[in-house]
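Input: a single structure, listed below in C-alpha cells.
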Amino acid sequence: MYHLPYGNAWVSLEIPEKYKVRVLKSDNHETAPDENEEIKRALEYPVKSKRLSEIARTGRNAVIIVSDATRPTPTARLLPPLISELNIGGIRDITVVFGIGIHRKLTEDEKRAILGGWYDEVKSIEHDANNCVYLGTTSRGTPVEIFKPVAEADIVICTGTIEFHYYAGYSGGAKSILPAVSSKRSIDANHALMLDPGASAGRLDSPVRKDLEEAASFLGIDFILNVVLNEKKEIIFAAAGDHIEAHRKGAEFLDKKSRIKVEPSDIIIVSPGGWPKDIDIFQSHKAIEHVRSAVKEGGSIILVAECREGYGNRVFEEWLGSDRDEVIERFKSGFVMGGHKAALIAALSKKLDLYLVSSLPEGMARRSFFIPATLKDALDMALRKNKADANIIMIPYGGSILASTDT
C-alpha cells in the first residue's frame, strides 16, 4: 500500500506487484538536532555578512518580509531570533510585511497561524501592489517597483524557504522582494522571462532569478534568513547573511538532498506534499513541472492535490475552458501572468495524459485540461494505455523534489 499527502490528510493506493514502482523521496529525512540551534548557528555565522545585530546599529527601523499562506515557511520559528538580533542592535521599530505578491489577501486566522505567538506582539502589514515606488529598471527591462514601506525602511530582512522553483530555479533569497513585495508591472515583466529555455527548476542561472536578484540590488537587501525543510516541514538547514551567497549555500544543500536522477517513466503519481502546497490548482501545478521531464512521451502524470480553494488565480481561471490550442496561441501572442499556467498545462496535456485527483467538481478539473478521477481509476486508465510492464514513479512530496533524467 502506498500513501500520498492530500490536504491535511492522506490518500492510499494499492498497486499490483507485477508493476515496477519506485518511490522517490529526498534524502532529507533527518531532523536538525535542534531547530533553534540550527537557526542560531546560521545567525551567529552569517555568509558574507556582518551579524544582523551589527547591521541593525546602522538603522532606526526594520522590516521583516515573510511568506504568505501558500508557502510552508515556518515564520513563527524564524521571527524570535531575528527580532532578538534587531533588539540587540538597538532597533525596536519593527514591521513584519506579508509578501503576498499578487496573491489574495490573507485572513486574520492565516496571519495568526503564520506569526504564531507574535501575532499580538509585532506590527504587521500586507503588501499592496498598488502602493509601490519606482527604483529603476533592470538590464532585462524589468521596472523595479517596490512596496513603499519596504523601500523606505532602514533595514530590510528577507525570510523564506529554499525549494526548487519551476522557472526561477529555486525559491528563497531575493524572491522575497520580487515578486513578494513588488508591483504587478514588475512581476509581469520578470515572470515573462520564464519563456526563456533557461528558466527551469534547479538552475541558478535562470534568467528569472538573475533578473529578480538584479532588481533586489536596486533596493538593497540587508540580510536574509532562509531554511530548507524536510518532508515533515522541520528545519534541517538554515542559511543567513548575504542574499545571494547565503541563498547559494541553501541551494547547494537542497541539491544534495533532493535532486534525484531517474530513468524515464511511463507513469508518475505525484503529490505536491499536502497543505498548503496543494491549496489550489495554481500552486499544485508546480509539482508537475518538477517531474515532467521524467515522463516518457505519451505517458501519464497523476496529480494528487486537494485544491480546496479551487483555481487559485483569477486570470488563470479566465484563461481556462477554451480549446487548448487557442490558449497556447493566445499566450504566444504576449505573456500574461496567470495565463501562463493555463498555457503550460494546456501544452503539456497535448503530450501527456494529465489526471487530477482532487476535491474539485469534475467540470473544474476538465476545464483546467486535466482528466478528473479517483486515484484508483486514474491509475487503472493510465495502466490500460501503457504497456503491461509499465514502470511507475511515486512521489509523495513533489513540491520538494526535482526528478530529472539529466542530473
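Every residue in the range 266-283 that is touching a residue at least 60 places away in the same chain (Cβ under 8 Å) and either in the same structural domain as Ala216 (by TED's automatic domain parsing) or in a helix (DSSP H, G or I) (or both), please.
Answer for the range 266-283, where residues must be touching a residue at least 60 places away in the same chain (Cβ under 8 Å) and either in the same structural domain as Ala216 (by TED's automatic domain parsing) or in a helix (DSSP H, G or I) (or both): Ile281, Gln283.
Does Ser333 qualify as being farther than 29 Å from Val96 by Cβ and touching a helix residue (DSSP H, G or I) at 6+ places or on another chain (Cβ under 8 Å)?
Working: farther than 29 Å from Val96 by Cβ: yes; touching a helix residue (DSSP H, G or I) at 6+ places or on another chain (Cβ under 8 Å): no.
Spelling it out, it is not the case that Ser333 is farther than 29 Å from Val96 by Cβ and touching a helix residue (DSSP H, G or I) at 6+ places or on another chain (Cβ under 8 Å).
Between a residue in the range 352-367 that is without any contact (Cβ under 8 Å) to a residue 12 or more places away in the chain and any residue that is buried (at least 18 other Cβ atoms within 10 Å of the Cβ), which pairs come within a Cβ distance under 6 Å, given they are 6 or more apart or on different chains?
Glu362/Pro372; Ala365/Leu356; Ala365/Pro372
Given (1) surrounded by 20 or more Cβ atoms within 10 Å (Cβ to Cβ); (2) in contact with a strand residue (DSSP E or B) (Cβ under 7 Å, 6 or more places away or on another chain), identify the lone condition not met by Glu245.
The single condition Glu245 does not satisfy is (1).
Looking at Ser300, is it in a helix (DSSP H, G or I), in the same structural domain as Glu362 (by TED's automatic domain parsing) and farther than 18 Å from Arg367 by Cβ?
In short, no.
Sort out which residues of the range 75-108 are under 24 Å from the mean Cα position of the chain (by Cα), of a type in the set (D, E, K, R) and in a helix (DSSP H, G or I), and write them in order of number.
Arg77, Glu108
Mind listing just one residue for me: the one in the range 191-222 that is at pLDDT below 95 and of a type outside the set (A, V, I, L, M, F, W, C) and, of those, nearest to Gly399 (Cα to Cα)?
Gly202
Among the listed residues Glu152, Glu126, Glu121, which satisfies the condition of being under 22 Å from the mean Cα position of the chain (by Cα) and of a type in the set (Asp, Glu)?
Only one candidate qualifies: Glu126.
Here's the yes/no breakdown for (1) among the small types (Gly, Ala, Ser); (2) within 30 Å of Tyr2 (Cα to Cα); (3) touching a strand residue (DSSP E or B) at 6+ places or on another chain (Cβ under 7 Å):
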site	(1), (2), (3)
Trp319	no, no, no
Gly339	yes, no, no
Gly363	yes, yes, no
Arg366	no, yes, yes
Asp389	no, yes, no
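Quick check, is Gly116 out of contact with any strand residue (DSSP E or B) (no Cβ under 8 Å at 6 or more places or on another chain), surrounded by 14 or more Cβ atoms within 10 Å (Cβ to Cβ) and farther than 25 Å from Ile146 by Cβ? Give the derivation first.
Details: out of contact with any strand residue (DSSP E or B) (no Cβ under 8 Å at 6 or more places or on another chain): yes; surrounded by 14 or more Cβ atoms within 10 Å (Cβ to Cβ): yes; farther than 25 Å from Ile146 by Cβ: yes.
It is true that Gly116 is out of contact with any strand residue (DSSP E or B) (no Cβ under 8 Å at 6 or more places or on another chain), surrounded by 14 or more Cβ atoms within 10 Å (Cβ to Cβ) and farther than 25 Å from Ile146 by Cβ.
Is it true that Leu204 is aliphatic (A, V, I, L, M), touching a helix residue (DSSP H, G or I) at 6+ places or on another chain (Cβ under 7 Å), farther than 21 Å from Glu289 by Cβ and not in a helix (DSSP H, G or I)?
No; evaluated as a whole, the condition is false for this residue.
Among the residues of the range 267-310, which ones are hydroxyl-bearing (Ser, Thr, Tyr), closer than 18 Å to Ala347 by Cα and under 17 Å from the mean Cα position of the chain (by Cα)? Before the answer, list the steps.
Taking the range 267-310 first, the residues hydroxyl-bearing (Ser, Thr, Tyr) are 271, 284, 293, 300.
Narrowing further to those that are closer than 18 Å to Ala347 by Cα: 284, 293, 300.
Of everything in the range 267-310, just one residue is hydroxyl-bearing (Ser, Thr, Tyr), closer than 18 Å to Ala347 by Cα and under 17 Å from the mean Cα position of the chain (by Cα), namely Ser284.
Could you check, for the range 51-68, whether at least one of its residues is within 19 Å of the chain's Cα centre (by Cα), surrounded by fewer than 19 Cβ atoms within 10 Å (Cβ to Cβ) and outside any loop (DSSP other than H, G, I, E, B)?
No: the range 51-68 contains no residue that is within 19 Å of the chain's Cα centre (by Cα), surrounded by fewer than 19 Cβ atoms within 10 Å (Cβ to Cβ) and outside any loop (DSSP other than H, G, I, E, B).
I'd like the residue in the range 223-267 that is modelled with pLDDT of 95 or more and basic (Lys, Arg) and, out of all such residues, is farthest from Cys132 (Cα to Cα).
Ranking the candidates gives Lys249 first.
Name the residues in the range 120-137 that are crowded, with 22+ Cβ neighbours inside 10 Å and either assigned to a loop (DSSP other than H, G, I, E, B) or hydroxyl-bearing (Ser, Thr, Tyr) (or both), would you?
His127
Filter the range 340-387 down to residues that are touching a Lys or Arg at 6+ places or on another chain (Cβ under 7 Å) and either of a type outside the set (Lys, Arg) or on the phi > 0 side of the Ramachandran plot (or both) and give me whichever is surrounded by the fewest Cβ atoms within 10 Å (Cβ to Cβ).
Looking at the filtered set, the residue picked out is Ser359.
Tell me, please, whether a residue that is touching a strand residue (DSSP E or B) at 6+ places or on another chain (Cβ under 9 Å), basic (Lys, Arg), under 30 Å from Ile235 (Cα atoms) and not assigned by TED's automatic domain parsing to the domain that holds Gly338 can be found in the range 137-160.
No - not one qualifying residue is present in the range 137-160.
For the range 361-397, what are the residues that are under 20 Å from Glu318 (Cα atoms) and either assigned to a loop (DSSP other than H, G, I, E, B) or not assigned by TED's automatic domain parsing to the domain that holds Trp275 (or both)?
If the condition is that a residue be under 20 Å from Glu318 (Cα atoms) and either assigned to a loop (DSSP other than H, G, I, E, B) or not assigned by TED's automatic domain parsing to the domain that holds Trp275 (or both), then Pro361, Ser368, Phe369, Phe370 are the ones that fit.
With Ser400, Ser333, Ser358 as the choices, which residue is more than 20 Å from Trp10 (Cβ to Cβ), of a type in the set (Gly, Ala, Ser) and not assigned by TED's automatic domain parsing to the domain that holds Ala251? Break it down into steps so the answer makes sense when it comes.
Working: Ser400 fails: more than 20 Å from Trp10 (Cβ to Cβ); Ser358 fails: more than 20 Å from Trp10 (Cβ to Cβ).
Answer to the selection: Ser333.
The values are calculated or read from the model by the stated rules, or taken from the named source; none is laboratory data. Keep in mind that what you see is a predicted model, and the values were worked out from it rather than measured. Because the Cβ atoms are built from the backbone with ideal geometry, glycine has one as well, and the counts that use them run over all protein chains shown.
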